[in-house]
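Here the structure comes first, spelled out in structure tokens, and everything after it is commentary.
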Amino acid sequence: MSAVLHFTVVTPDRVIYEADIEQATIPTREGEITVLANHMPLVSLLAAGEMTVKKNQKETVHFVIAGGVLEVRPGSQLVILTDFAEHATDIDLAEAEAARARAAAILAQGDNLAQEDFARLETVLERELARLKVGRRHLK
């Protein structure tokens, strides 16, 4: 086995995932990055999208994440602090589509929304679109 990276995904509610892995590919605001063991220290803002975790040569796990921060720490540690994370196989496509439609309908009335409400709904819409994309890819 190659060098390992200790990986932890934390939401405000709980630790979603923790394992020693080979690599993780994560959506950031600057683009997608892949982190391997012995990566240089790094802090980056996360974007909504698919996070792919290669645990070993035979096992790969997929998540949808939205918002938060990635931190690569010395000693081959990767921590994801995210507002939202969900295993790809747990996505409810009907629920995600309904939430997307609600957020889009409210955003369409943008003139009547406070700036904070508009930003919050944009975030919800981005998250639900990411859930739909990841869910459709992995729930066949």
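The values are calculated or read from the model by the stated rules, or taken from the named source; none is laboratory data. Bear in mind that the values here come from a model prediction, so they are computed numbers and not experimental data. Note: ideal-geometry Cβ built from the backbone for every residue, glycine included; neighbour counts use all protein chains shown.
Worth pointing out:
Quick grid of which residues meet (1) among the acidic types (Asp, Glu); (2) over 17 Å from residue 17 (Cβ atoms):
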site: 32; (1), (2): yes, yes
site: 36; (1), (2): no, yes
site: 42; (1), (2): no, yes
site: 53; (1), (2): no, no
site: 70; (1), (2): no, no
site: 74; (1), (2): no, yes
site: 78; (1), (2): no, no
site: 85; (1), (2): no, no
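- Selection from the stretch 93-131 of residues that are touching a residue at least 40 places away in the same chain (Cβ under 8 Å) and charged (D, E, K, R): 126, 127, 131
- Selected residue [at negative phi and out of contact with any Leu (no Cβ under 9 Å at 6 or more places or on another chain)] from 43, 4: 4
- Qualifying residue in the stretch 20-32 (condition: crowded, with 16+ Cβ neighbours inside 10 Å, among the aliphatic types (A, V, I, L, M) and within 12 Å of the chain's Cα centre (by Cα)): yes
- Put simply, of 60, 89 the only residue that is without any contact (Cβ under 8 Å) to a residue 24 or more places away in the chain and β-branched (Val, Ile, Thr) is 60.
- Residue in the stretch 107-123 that is under 30 Å from residue 5 (Cβ atoms), of a type in the set (D, E, K, R) and exposed (fewer than 14 other Cβ atoms within 10 Å of the Cβ) present: no
- Residue 139 meets the stated requirement of being exposed (fewer than 14 other Cβ atoms within 10 Å of the Cβ) and more than 13 Å from the chain's Cα centre (by Cα).
- The selection criterion, being in contact with a strand residue (DSSP E or B) (Cβ under 9 Å, 6 or more places away or on another chain), modelled with pLDDT of 95 or more and under 15 Å from residue 82 (Cβ atoms), holds for residue 26.
- Pairs with Cβ under 8 Å, 6+ apart, first in the stretch 21-33 and among the basic types (Lys, Arg), second modelled with pLDDT of 95 or more: 29/44; 29/45; 29/46; 29/47
- Residue ID - nearest to residue 10 (Cα to Cα), chosen from residues in the stretch 70-88 that are surrounded by fewer than 17 Cβ atoms within 10 Å (Cβ to Cβ) and either under 10 Å from the mean Cα position of the chain (by Cα) or not assigned by TED's automatic domain parsing to the domain that holds residue 31 (or both): 81
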